[in-house]
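Here's the structure, in C-alpha cells; my notes come after.
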Amino acid sequence: MEREIHLDPTFKMARQQFDTVADMLEIHDGERDQLILPKRAISISIPIHREDGSITVFQGYRVQHHLALGPTKGGTRFTPSLTLGESAALAVWMSWKCALASLPYGGAKGGVAVDPRSLTSVELQRISRRYMLEMIPFVGPQTDIMGPDLGTNEQIMAWFMDAYSSHSGKSVAEIVTGKPAALGGCAGRREATGRGVTFLVERAFSHMQINPQGRTAIVQGFGNVGSVTACGLAYRTGMKIIGISDQAVAIYNPKGIDVAMADRYAAEHNKSLAGFSGGEVIDPEELLTLPCDVLIPAAIERVITASNAGKLQCRILAEAANGPTTPEADAILDQRREEIFIIPDILCNVGGVVVSYFEWVQDMQNFLWTNTEVVDRLCRILESAFSAVVRRAKERGISHRNSALSIGIERVQAAKRLRGLFP
Ligand code: NAD
C-alpha cells in the first residue's frame, strides 16, 4: 500500500514540494518521514446493485494524514481516476492548508473511483451510502469529517450524513460539512471556496496597486469553485471573464462571456458547457496560455507543467484547484516571479475548509450564524493568511508557494514536537 502511494505522480509532487521546504527549514530525515507519511490509508471495496440488476464493485479510499492538531478533515471526490496515492497527496496538502489558516485539523481526503455522470441517481445514492457505511469504523465528528470535492455535492453530503446518522441512532450533522442548509449546512458553504478565491484575487490586485475593474480572467473548470469564482469576479469585482472551460469544451470570447448564462446552461445540461454558444470553441490547452490578467485553474491537478509554464501570459495565477502546478513548472514560474503573482493553492482555495470549520462548530453547538457573520469571519481569516504568506515571502526572498507551505509545515511540526513521540 505504501509503495502504491509513493509511486503516484501526485503524491510524488506533494513529496517534492515538501522536501524543498524541509531543506529550507532544515528538517532532518526521521522527522521528515514523520511529517509527510499518512497516519492511516484506507482502501475499501464498494459493491452496489445496478438498476439493470447486475452488481458492480467500486474502489473507495480515505487517507488521514496526521492527528496532531485534532480530527482530520477533507473532501470526498467521485472521479474515475482516483487512487490511494492521489488521496494521500490531497490529504497532505489539506494538512498544510488547515495549519496555514490555524484550523484545529489534520488533513484527509478520499472518495470513490467512479464517474458520477455514468450512474443513475439511484445508483449514485447507493454508492454514496455504501461508501459512508464502509467508512463508519474510521470516521466520526471527533475523528475525521468529510466534505464535498470534485464530483460530489450537497446532496451526496446529505446521504453521507443520513447513512452515518441511521447507524448511530440519532442525527449526527457534524459528521460532514457542505450539507444542504436544511440539514445544518452553513450559510455560504457552497460558495465559500469561490468566494475566497475572488477575495484573494482582489487582494492580490490591491497589493499590486492595480484596479481590477475591466481586467480579464480565464477560468479552467466550471464546477462549484470555477463557476462561483467566475461569477464573483464578473459581478462583484467588475472583471471581464474571457475564457471558461470544463471537461468537455473550452470557450473564448474577448468581449466577455455572460457567466451567469453559462452557469444556467451548465445546470440545465448535466453540468456541461458543451453546446454553450457564448463564445468561440477553442483548444483547452491553448486557453491556459492566452493573454489575460488572471488565470484560474479550478479543475484538476498538474495542468500547469514544464511545457506551458513559460508560455503563461497572466499577471496573477490564482490556484483555485488543488495541485494545479507541477514542481517543474514551479521552477520556471520562480524565474518569472516579478511578472506573475502566484496565489498558491493552499492559500487560494482555503475558503472552503474555513467555512466547513464554521459548519462543524455550529453543528456541534446547535448554533446558526448568518451569512454576514460567516463572510465577515471568512474574510478576516483570508486576510490574515494572505498577509502572512506575502510577508514571509518578502522577508525570506522565497516564492509564495514555499512561504505558504513553510508556515503550514512549521505549525504541524510544532504541534508534533510539543506532543512528543511515545515511547
Ligand atoms: P466540481 O466537480 O464541482 O467541478 C470540476 C470542474 O472541472 C467541472 O466543470 C469539470 O468538468 C471540470 N474539469 C474536470 N476535468 C477537467 C479538465 N481536464 N479540464 C478542464 N476542466 C475539467 O469540483 P469543484 O468542487 O469545483 O473542485 C474543483 C477543484 O477545486 C478541485 O481541485 C478541488 O479539489 C478544489 N477544491 C474544491 C473545494 C470545494 O469546496 N468544492 C475546496 C477546495 C478545493
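The values are calculated or read from the model by the stated rules, or taken from the named source; none is laboratory data. The structure displayed is predicted, hence computed values, not measured ones. Ideal geometry is used to build each Cβ from the backbone, glycine not excepted, and the neighbour counts take in all protein chains shown. Protein only, heavy atoms only, side chains kept; ligands, DNA and RNA dropped before computing areas. Shrake-Rupley method; radii C 1.70, N 1.55, O 1.52, S 1.80 Å.
Tell me the residue from Met161, Met146, Met135, Met94 that is touching a strand residue (DSSP E or B) at 6+ places or on another chain (Cβ under 7 Å) and within 11 Å of the ligand (Cβ to nearest atom), please. None of the others qualify; the one that does is Met94. Close contacts from segment 387-398, counting a first residue that is part of a loop (DSSP other than H, G, I, E, B) and a second that is open to solvent by 30 Å² or more (accessible area, probe 1.4 Å) and at pLDDT 95 or above, with Cβ to Cβ under 8 Å and a gap of 6+ residues or different chains, come to Ile398/Met24; Ile398/Arg392.
Only one entry of Gly243, Gly178, Gly169 meets the criterion of being open to solvent by less than 20 Å² (accessible area, probe 1.4 Å), in the same structural domain as Phe78 (by TED's automatic domain parsing) and either under 20 Å from Thr372 (Cβ atoms) or not charged (D, E, K, R) (or both), and that entry is Gly178. Specify the residue that is surrounded by the fewest Cβ atoms within 10 Å (Cβ to Cβ); the eligible residues are those in segment 73-83 that are more than 19 Å from Thr193 (Cα to Cα) and under 17 Å from the mean Cα position of the chain (by Cα). The qualifying residue surrounded by the fewest Cβ atoms within 10 Å (Cβ to Cβ) is Ser81. When the residues of segment 97-131 are filtered to those that are over 14 Å from Gly70 (Cβ atoms), small (Gly, Ala, Ser) and open to solvent by 10 Å² or more (accessible area, probe 1.4 Å), the one that is farthest from the ligand (Cβ to nearest atom) is Ser121. Screening Phe276 with (1) crowded, with 21+ Cβ neighbours inside 10 Å; (2) in a strand (DSSP E or B); (3) without any contact (Cβ under 8 Å) to a residue 40 or more places away in the chain; (4) within 14 Å of the ligand (Cβ to nearest atom) gives one miss only, at (2). Among the residues of segment 348-373, those that are within 18 Å of Ala173 (Cα to Cα) and within 16 Å of the ligand (Cβ to nearest atom) comprise Gly352, Val353, Val354, Val355, Ser356, Tyr357, Phe358, Glu359, Trp360.
Condition check ((1) part of a helix (DSSP H, G or I); (2) within 16 Å of the ligand (Cβ to nearest atom)) across all residues:
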position: Phe199; (1), (2): yes, yes
position: Ser206; (1), (2): yes, no
position: Ile210; (1), (2): no, no
position: Ala217; (1), (2): no, yes
position: Cys231; (1), (2): yes, yes
position: Ala248; (1), (2): no, yes
position: Ile257; (1), (2): no, yes
position: Met261; (1), (2): yes, yes
position: Arg264; (1), (2): yes, yes
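State whether the residues of segment 132-147 include one that is on the phi > 0 side of the Ramachandran plot, open to solvent by 30 Å² or more (accessible area, probe 1.4 Å), part of a loop (DSSP other than H, G, I, E, B) and in the same structural domain as Ser95 (by TED's automatic domain parsing). Checked segment 132-147: no residue is on the phi > 0 side of the Ramachandran plot, open to solvent by 30 Å² or more (accessible area, probe 1.4 Å), part of a loop (DSSP other than H, G, I, E, B) and in the same structural domain as Ser95 (by TED's automatic domain parsing).
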